[in-house]
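Only one structure is covered here, and it is reproduced in the block below.
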Amino acid sequence: MLYVLRTTVNQKNIPMIHRLAFLSLVSTLLIIATRDVSAAEDRRAKVLNDRTEVEAMSEWIYNDLPKATADAGRTGKPLLVVIRCIP
Amino acid sequence: MDQFVSVRLVQANGLNLNQFQFDYDLTFSVFLMNADGTIYGRYGSRSDRRDATKDISIEGFGKALAAALDLHQKYPANRELLAGKQGRTPRYLVPEDYPALRGKYTAKLDYEGKVVQSCIHCHQVRDADRKLYREARTRMPDHVLYPWPMPDVVGLHFDPVENARIGTVSSGSRAEKDGFRSGDELLFLEGQPIISTADVQWVLHNAPESGVLNAQVSRAGGKISIPITLEPGWRRNSDISWRVTSWDLRRMATGGLLLRDATAEEKSTANLSDEGLALFVEHVGQYGEHAVAKNAGFEKEDVIVRVDGKTEPMTESQLFGYLLRGFEPADNVPMVVVRKGKRLNLTLPMQ
């Protein structure tokens, strides 16, 4: 993002007051971008952790309906299918 | 739980929509099934914007599991009774085939890449379905606008800690006139065994726009049949404001306005009577297609008192229906709002 700003604005032509505003804008955008990246990473980690945690519980099959259906057919048990978003 | 094979599905990608028809606004939904695909019952209901667990409970879920086990033990002798739990063939067999989703998603999550962005959320199925009607400029049917009605809409309020026991019957409601009483246990509806409120919703969701449903009820140790009369427009009293898919209805119908019924105090402040239309603007969308109302001059805390010349009371959910049934994208709807005691004429473009 900083690269884009630097390559689209010729800083020599910017008066001091505008440079301060420019730096302020860059700082704000950097904070927002960092926060967005952090939120996206959190979300990704949640999704990956969810799979690890549920797979660790041997009584649950994770996201594999064909396997669950085959197991139900083999064992004669009914299926409990839970459709649940990752919180 | 160990009497079931338990599987958790976390995305709608690749979901067989012929098999798995449920309330796509839910973030928790359960199917109890045979391995051959026969559905014993569904579990999972919601009717409140803030309280997602108002209509469900661990006790109720446990009773639904027990009832499903009972149906499983009687299977396949009861196969015919369960046939109605399977839905009609949908227009698209998997979510990613809908035009609004096609090319953007695949049948699987991309665990190695952008896994979060690769996920189709269940509610996107309903959003995509509604877009088909809107973009084709065809009337959106009531069952598409008001999906999976809670039985409350006919006056029946089920106890969430039971399978399908009626907690209360609304005074003066159609259900009361039909003969329902508090404490009745709904056993069968349209011949289908009922193990949860979600099962009742399934039958209501697929019911006609008017007609009579046949309920078999356990009362005081005996079994009796009671009709459920569905009057024309019966679905339109459903409150759909809690649904995440109502966000896109707000884009289409109200240009990004989030509305609620004005309180008595707000009506009094605006010098409005108790009888007329009074929808309070709680939020005004700020960006893109959700900023159409803002750009048309609507402001937060306005009270809408007239829509297309009509001043009869309407909820936000009923307003969606009125506007989406009566107007096409690019139509303009005249409205009157009260702002700080003054009446203003505004025009809201439909999308």
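The values are calculated or read from the model by the stated rules, or taken from the named source; none is laboratory data. This one's a predicted model, so the numbers in the text were calculated from it and none came from an experiment. Ideal geometry is used to build each Cβ from the backbone, glycine not excepted, and the neighbour counts take in all protein chains shown. The accessibility values were calculated without ligands, DNA or RNA, using every heavy atom of the protein model including side chains. Shrake-Rupley method; radii C 1.70, N 1.55, O 1.52, S 1.80 Å.
Key figures for this structure:
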{"item": "Tally, over segment B:330-348, of residues that are under 16 Å from B:GLY255 (Cβ atoms), surrounded by 12 or more Cβ atoms within 10 Å (Cβ to Cβ) and either charged (D, E, K, R) or touching a residue at least 40 places away in the same chain (Cβ under 8 Å) (or both)", "result": "5"}
{"item": "Number of the exception - B:GLU266 against (1) without any contact (Cβ under 8 Å) to a residue 40 or more places away in the chain; (2) open to solvent by 70 Å² or more (accessible area, probe 1.4 Å); (3) in a helix (DSSP H, G or I)", "result": "(2)"}
{"item": "Search result, residues across segment B:287-301 that are surrounded by 20 or more Cβ atoms within 10 Å (Cβ to Cβ) and in contact with a Leu (Cβ under 8 Å, 6 or more places away or on another chain)", "result": "B:VAL292, B:ALA293, B:PHE298"}
{"item": "Output for segment B:1-31, where each listed residue is more than 7 Å from every other protein chain (Cβ to nearest Cβ), of a type in the set (S, T, N, Q) and under 14 Å from B:GLN124 (Cβ atoms)", "result": "B:GLN11, B:ASN13"}
{"item": "Residue in segment B:271-286 that is β-branched (Val, Ile, Thr), part of a loop (DSSP other than H, G, I, E, B) and buried (at least 20 other Cβ atoms within 10 Å of the Cβ) present", "result": "no"}
{"item": "Residue pairs meeting the criteria (Cβ under 8 Å; at least 6 apart or on separate chains; first more than 11 Å from B:THR197 (Cα to Cα), in segment B:150-161; second small (Gly, Ala, Ser) and surrounded by 18 or more Cβ atoms within 10 Å (Cβ to Cβ))", "result": "B:VAL153/B:SER238; B:VAL154/B:ALA175; B:GLY155/B:ALA175"}
{"item": "Residue, surrounded by the fewest Cβ atoms within 10 Å (Cβ to Cβ), within segment B:54-75, restricted to residues that are within 13 Å of chain A (Cβ to nearest Cβ) and free of Cβ contacts under 8 Å to residues at least 24 places away in the same chain", "result": "B:GLN73"}
{"item": "Residue list for segment A:55-87, filter: farther than 13 Å from B:VAL7 by Cβ, in contact with a helix residue (DSSP H, G or I) (Cβ under 9 Å, 6 or more places away or on another chain) and either surrounded by 19 or more Cβ atoms within 10 Å (Cβ to Cβ) or at the interface with chain B (Cβ under 7 Å from one of its Cβ atoms) (or both)", "result": "A:ILE86"}
{"item": "Any chance B:ALA12 is touching a His at 6+ places or on another chain (Cβ under 7 Å), open to solvent by less than 60 Å² (accessible area, probe 1.4 Å) and small (Gly, Ala, Ser)", "result": "yes"}
{"item": "Which numbered condition B:MET314 misses (of (1) among the aliphatic types (A, V, I, L, M); (2) without any contact (Cβ under 8 Å) to a residue 60 or more places away in the chain; (3) open to solvent by less than 20 Å² (accessible area, probe 1.4 Å); (4) within 22 Å of B:ARG49 (Cα to Cα))", "result": "(3)"}
{"item": "Among the candidates B:ARG134, B:ARG139, residue that is more than 30 Å from A:ARG43 (Cα to Cα), of a type in the set (Lys, Arg) and part of a loop (DSSP other than H, G, I, E, B)", "result": "B:ARG139"}
{"item": "Residue match in segment B:258-274 (condition: closer than 18 Å to B:MET314 by Cα and touching a Ser or Thr at 6+ places or on another chain (Cβ under 7 Å))", "result": "yes"}
{"item": "Residue among B:ASP97, B:ASP110 that is open to solvent by 40 Å² or more (accessible area, probe 1.4 Å), within 14 Å of chain A (Cβ to nearest Cβ) and of a type in the set (D, E, K, R)", "result": "B:ASP110"}
{"item": "Any hit, segment B:36-43, residues being modelled with pLDDT of 95 or more, open to solvent by 20 Å² or more (accessible area, probe 1.4 Å), more than 8 Å from chain A (Cβ to nearest Cβ) and under 15 Å from the mean Cα position of the chain (by Cα)", "result": "no"}
{"item": "Residues that are within 15 Å of B:PHE20 (Cβ to Cβ) and of a type in the set (D, E, K, R), drawn from segment B:92-123", "result": "B:GLU96, B:ASP97"}
{"item": "Out of B:VAL125, B:VAL153, sole residue that is among the β-branched types (Val, Ile, Thr), modelled with pLDDT of 95 or more, part of a helix (DSSP H, G or I) and farther than 20 Å from B:ARG88 by Cβ", "result": "B:VAL153"}
{"item": "So B:VAL305, is it touching a Gly at 6+ places or on another chain (Cβ under 9 Å), closer than 12 Å to B:VAL337 by Cα and either aromatic (Phe, Trp, Tyr) or buried (at least 19 other Cβ atoms within 10 Å of the Cβ) (or both)", "result": "yes"}
